[in-house]
Amino acid sequence: MAFSNFKTIGEVLKEYQVTYTEENFMGETEFIISDYFREDLQTVMREGVVYSSEYAICENIIYPILKEVWKHYNPKFTLWSHHSLNFNDKLSGFPEYILAKRSSLGKVVFDKPYFFIVEAKQDDFEGGWAQCLAEMIAAHELNIDIEITIFGIVSNGKTWQFGKLEEANFTSNINVYTIQDLDKLFAAVNFIFKQCEEQLNNLVNT
């Protein structure tokens, strides 16, 4: 069974005995967006066909935003696009994006720990979270020898939702972020990167 075979978050929760809660755990870490990025994104959204498919959403909105933040953290992390993530027959597939520790062997080596997963969906947030949570569980199992929080993002380009998995507890952030408030969205994404950086530093120091 691939990640995409899960259609509701309830299926995943029941299958893997994960508890579900809702709270506002997200913080906002200020990020300075360049004028060039703002202008480029506005042009793409005004003139481009950005919502025609999940691939278009990824290429035109999600990846550019993730990449803009990731560039400040790239010495420590690699941002993988559509790379296979396989734990077993039920938990396997190709998440849109995975943030992983940068391997000491070089950037082409897919190395754990895996810190967050991103899924793009065309307004199907229920299905998006079912798939994303399954991917987060796979990442958790692959990271079983270390204790870290796995973060998840599901977005249709316009709306961004955040969640986290700690052991067998999944928390959905109540508030959502939107592309219309770009500064707050970038601050939220930067907050996730910062949390991942702190976890990685803790692992290195232990």
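The values are calculated or read from the model by the stated rules, or taken from the named source; none is laboratory data. Everything numeric here is computed off the predicted structure, so don't read it as measured data. Note: ideal-geometry Cβ built from the backbone for every residue, glycine included; neighbour counts use all protein chains shown. These accessible areas exclude ligands, DNA and RNA; they are computed on the full protein's heavy atoms, side chains included. Shrake-Rupley method; radii C 1.70, N 1.55, O 1.52, S 1.80 Å.
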field: Candidates VAL12, VAL44, filtered to the one that is at pLDDT 90 or above, of a type in the set (A, V, I, L, M, F, W, C) and either over 22 Å from ASP183 (Cβ atoms) or in a strand (DSSP E or B) (or both)
entry: VAL12
query: Of the residues LYS107, LYS164, which single one is of a type in the set (Lys, Arg) and under 14 Å from the mean Cα position of the chain (by Cα)?
result: LYS164
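The rows are residues; the columns are (1) open to solvent by less than 60 Å² (accessible area, probe 1.4 Å); (2) farther than 23 Å from PHE193 by Cα; (3) at pLDDT 90 or above.
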{"site": "ALA56", "(1), (2), (3)": "yes, yes, yes"}
{"site": "GLU59", "(1), (2), (3)": "no, no, yes"}
{"site": "LYS71", "(1), (2), (3)": "no, no, yes"}
{"site": "PRO75", "(1), (2), (3)": "no, no, yes"}
{"site": "ASP89", "(1), (2), (3)": "no, yes, no"}
task: Among residues belonging to segment 164-192 that are out of contact with any helix residue (DSSP H, G or I) (no Cβ under 8 Å at 6 or more places or on another chain) and polar (S, T, N, Q), point out the one that is surrounded by the fewest Cβ atoms within 10 Å (Cβ to Cβ).
output: GLN180
message: With the structure loaded, tell me whether LYS164 is basic (Lys, Arg) and either out of contact with any Gly (no Cβ under 8 Å at 6 or more places or on another chain) or under 28 Å from VAL49 (Cβ atoms) (or both) or whether it fails that test.
response: no
query: Among the strands (runs of 3 or more DSSP E) confined wholly to segment 78-155, which include 1 or more residues that are free of Cβ contacts under 8 Å to residues at least 24 places away in the same chain?
result: 97-101
